[in-house]
Structures are given as C-alpha cells and as structure tokens.
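Colleague: The following block contains the structure, expressed as structure tokens.
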Amino acid sequence: MEKAKLSVIQLFALMFIFEMGTALVVSYGTNAGKDAWLAILLALCGGIVLFYIFHFLYRQYPNLLFTGYIREIFSKHFGWIVGLLYCLYFLYICGRNVRELGDLLVSSTLSETPLLAINLTLVLVICYVIHLGIEVVGRTAEVFMVVLLLLGAAGNFFVLVSGDVDFHQIRPFLEHGWKPIFTTAFPHLLIFPFGEMIAFTMLLPYLNRPQLVKRAWLAAVISSGVILSWTVLLNTSVLGIDVMERSVFPTLTAVGKVNLFDFIERLDAIVVFTLLITVFFKASIYLYAAVIGIADLFKLRTYHQILFPTGTIVIFLSLTMASSFSEQGERLP
C-alpha cells in the first residue's frame, strides 16, 4: 500500500462519479420497457445490501486491501487465485470503459480520429494521474464532481424547457407487471453499476476517518442511483420507449434534440464532456485497484513499476474486446 490518505469528501466524490460512469449515457435497463426507471430503483436496494456486505468485511479487516483479506478468508493459495482473478476483472472493465468512451467520441464528435489515438491518449493521462498517487485522484475528483453537477443541471434544464418532454410516454405504469422489472434489476442492473463498487474495497484502507465510510458510501450509492433512474425516465419521456430500445446512446440522442429559438442547440457536447469525466475517474479507479492488487499479491515494493505495462494491456483490451460497440453491448458488463 502507498502512504496516502483520502478524505470523506474525496471518497464520496470518487464513488459518486464512479457510479455514474457509462450508465448515464449507454442504453440502460431497457429490458424493463417503460418501467426501466423503477428497475433501477429496485437494483439500488440490492446495491445497498451489497454495501453492508462490503462494509462488514471492511470492519473485520480495516487495514487490509481486498486482495489481502481474501487470502485470510479463503486460505493463502486459493485466496491468492481469487484475488488475481479480481485484478484481471478490474483490468477488463477498465478496458471496457475506455472502449465505450472511444466509441462515443468517434460516433459523435471525432469521426475522423482513429480509435487507437483516443484510447491511447486517455490511458496515458490516467496512468500519469495514478502515478502521482490516489490522493491526487481524490483531490481532482472533488473539483470535477462540481463540474459534473453543473453539466448535469444544465442538461436537465435545457431538456425540460425544450418542449420535447412528454411524461405520458412512461405510462402505463407496470405495463407488463413486475416480472420484467425484477429480471432486469437482478442480476443485470445490480451488477452494473452497483456491484462494481467492489473496486472500492481496494481504496477503503486509505480513508483518513474510517468511521465515516458508511455515511459516504450510502450517500454516493443512493444519490447516484436516483440520478440514474431520473435520467432513464427523462430519456424515455423525450424519445419514447421504441427509440430508447434502438438507441445506442439514448442520453446523447435526447439532449441532441434540444433546439431553443433556433439558437441553443447542439448540446450533445454536454453529454460528451460528462462521459469524459465519469469514464476518466471510473477507469482510473479500476486501473488503480488492479495495479495495487497485483503489487500486493506479488509482494512488489511499489505499484509504479507495473503501472505503464498494465496500462498497455488496458489499451490492447479496449481495442480487441469487440469489433464494434454493438457487439460489445451484447456481452455481460
């Protein structure tokens, strides 16, 4: 472990941005139809249950990383294998997030830019920030959380006053009963994004006030879950469920429809900047969790010596995991 400390505000900022991630932009929960927003709230309840499991483990081993106490629970050798598998999982999801941002940028604003150039630039910046330490990542998250909230408020305001919102499109309530809501919430929405919070089991030992971890984690999970539910509800009200199900990036499509007085338009840049912020921090946390976990498992003196080689693996994964975004979307998160 590096010698670093995270404040409660920094932990909250990292968790909040992490939960937003790509879920704000990609097609999310549409298997539940018009009740996708309700399925997210239901999955949020499951996310709170997962928190209590992670929190219980943290209280038992407050000074150990996940890769450390998993060996205490499952024995030295089997726990080592489980810890390594989780580190590889962190790397895969990191590459997946980088790929999703690259696909959005290529399809919306940088159509002539090679995907390699976008992914390479992003990962290099992520590696540089992680090289400076988790405290730098936390302080940066504090600043960008404010930017993210301002972008979100602006986007919501312009969509609501644009005249494109029709809340009748989310009716009738429970059109197909509770079954599609439950099957969508569990396990898909529970895993993505609420189950992904397991990455923070690699950061909790750095918290400078451990007694406040419960308050910060629950606040981040609940607030982000409510915002995700509202975003899906608003997208459905603007686009209708048919367009929502066909759209690759429904939030981008919904915001792109805004046209006030033939003057305020092309606001899809708000969505692009939002995803850039959320993916940057989410991928940073995943990459940091992976490298510090690998360093712990292999008893390395510091994670810095494997940071850039691991970043190279992330770039390779982001380019080769799928031939297109549509193919990637068919795979489990």
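The values are calculated or read from the model by the stated rules, or taken from the named source; none is laboratory data. These figures come from a predicted structure and were not determined experimentally. All Cβ positions, glycine included, derive from the backbone under ideal geometry; neighbour counts span all protein chains shown. We work out accessible area using only protein heavy atoms, side chains counted, and drop any ligands, DNA or RNA first. Shrake-Rupley method; radii C 1.70, N 1.55, O 1.52, S 1.80 Å.
Colleague: Report, ordered by chain and residue number, the lysines lying within cross-link reach of Lys179, taken as a straight Cα distance under 21 Å and ignoring same-chain residues fewer than 8 apart.
Modeller: Leaving aside lysines fewer than 8 places away in the same chain, those within reach of Lys179 are Lys34.
Colleague: How far, in degrees from 0 to 90, does helix 213-239 lean away from the longest principal axis of the Cα atoms of the chain, to the nearest 10?
Modeller: Between the helix axis and the principal axis of the chain, the angle is about 30 degrees.
Colleague: What is the set of long-range amide H partners of Leu207 at a cut-off below 5 Å, with H atoms built 1.01 Å from backbone N?
Modeller: Distant-sequence amide H within range of Leu207: Leu6.
Colleague: Okay, helix-only estimate at 222 nm for the chain: each DSSP H run of n ≥ 4 adds -39500 (n - 2.57), divide by all residues, round to 500 deg cm²/dmol; what do you get? Could the numbers behind the result be given before it?
Modeller: Details: 13 runs with 223 residues, N = 333.
The helix contribution divided over the chain gives -22500 deg cm²/dmol.
Colleague: Could you pull out the longest piece of the chain with no exposed loop GluC sites (Glu not before Pro) in it, calling a site exposed if DSSP puts it outside H, G, I, E, B and it has at most 14 other Cβ atoms within 10 Å?
Modeller: On the way: sites that count: Glu2, Glu112, Glu175, Glu265, Glu330.
Result, exposed sites excluded: 3-111.
Colleague: Which residues' amide hydrogens lie under 5 Å from the amide hydrogen of Asp166, considering only partners 5 or more residues apart or on another chain, with H built in the peptide plane?
Modeller: Val238
Colleague: Hey, could you get me the Stokes-Einstein D for segment 228-273, Kirkwood radius over alpha-carbon pairs, 10 °C and 1.306 mPa s, rounded to whole µm² s⁻¹? Walk me through the numbers on the way to the answer.
Modeller: Values: Rh = 10.9 Å.
Result for D is 145 µm²/s.
Colleague: Grab the alpha carbons of segment 1-128, take their convex hull, and tell me the volume per residue in Å³. Could the numbers behind the result be given before it?
Modeller: On the way: hull volume 21.3 nm³, N = 128.
Cα convex hull per residue, to the nearest whole number: 167 Å³.
Colleague: Still on this structure, I have one more. Given (i) 1.03; (ii) 0.94; (iii) 0.99 as candidate values of Cα Rg over 2.2 N^0.38 Å, which corresponds to the one derived from the coordinates?
Modeller: (iii)
Colleague: Leaving ligands, DNA and RNA out of it, rank Lys299, Lys3 by accessible area with a 1.4 Å probe, largest first.
Modeller: Sorted by accessible area, descending: Lys3, Lys299.
Colleague: Mind checking the per residue accessible area of the chain for me, 1.4 Å probe, whole number of Å²?
Modeller: Value returned for the chain: 45 Å² of accessible area per residue.
Colleague: Where is the GNM fluctuation largest for the chain (alpha-carbon springs, 10 angstrom cutoff): Pro193, Pro180, Pro114?
Modeller: Maximum among the listed residues: Pro114.
Colleague: Taking θ as phi - 60°, what are the ³J(HN,Hα) couplings along segment 32-44 by the Karplus curve (6.51, -1.76, 1.60), each to the nearest whole Hz, with x for Gly and Pro?
Modeller: Residue by residue, segment 32-44 yields 8, x, 5, 9, 4, 5, 6, 4, 5, 5, 5, 5, 4 Hz.
Colleague: Pull up the cross-link candidates among the aspartates and glutamates for Lys214, meaning alpha carbon to alpha carbon under 18 Å and not fewer than 8 places away within one chain.
Modeller: Glu19, Glu196
Colleague: Using the Cα centre of segment 100-190 as the reference point, and only Cβ charges (+1 on K/R, -1 on D/E), how large is the resulting charge dipole? Debye, rounded to the nearest 20.
Modeller: 220
Colleague: Stokes-Einstein diffusion coefficient for segment 181-333 at 4 °C in a medium of 1.567 mPa s, Rh from the Kirkwood formula over Cα pairs: what value in µm²/s?
Modeller: Translational D for this selection: 69 µm²/s.
Colleague: Does anyone have the angle between helix 76-108 and the longest principal axis of the chain? Alpha-carbon axes, 0 to 90°, nearest 10?
Modeller: Between helix and principal axis, roughly 30 degrees.
Colleague: Averaged over every viewing direction, what's the projected area of the C-alpha convex hull for segment 252-321? Give it in nm², one decimal, please.
Modeller: That works out to 6.4 nm², a quarter of the Cα hull's surface.
Colleague: So for the chain, averaging the separation of alpha carbon pairs under 8 Å that are six or more residues apart and normalising by length, what relative contact order in percent results?
Modeller: 42
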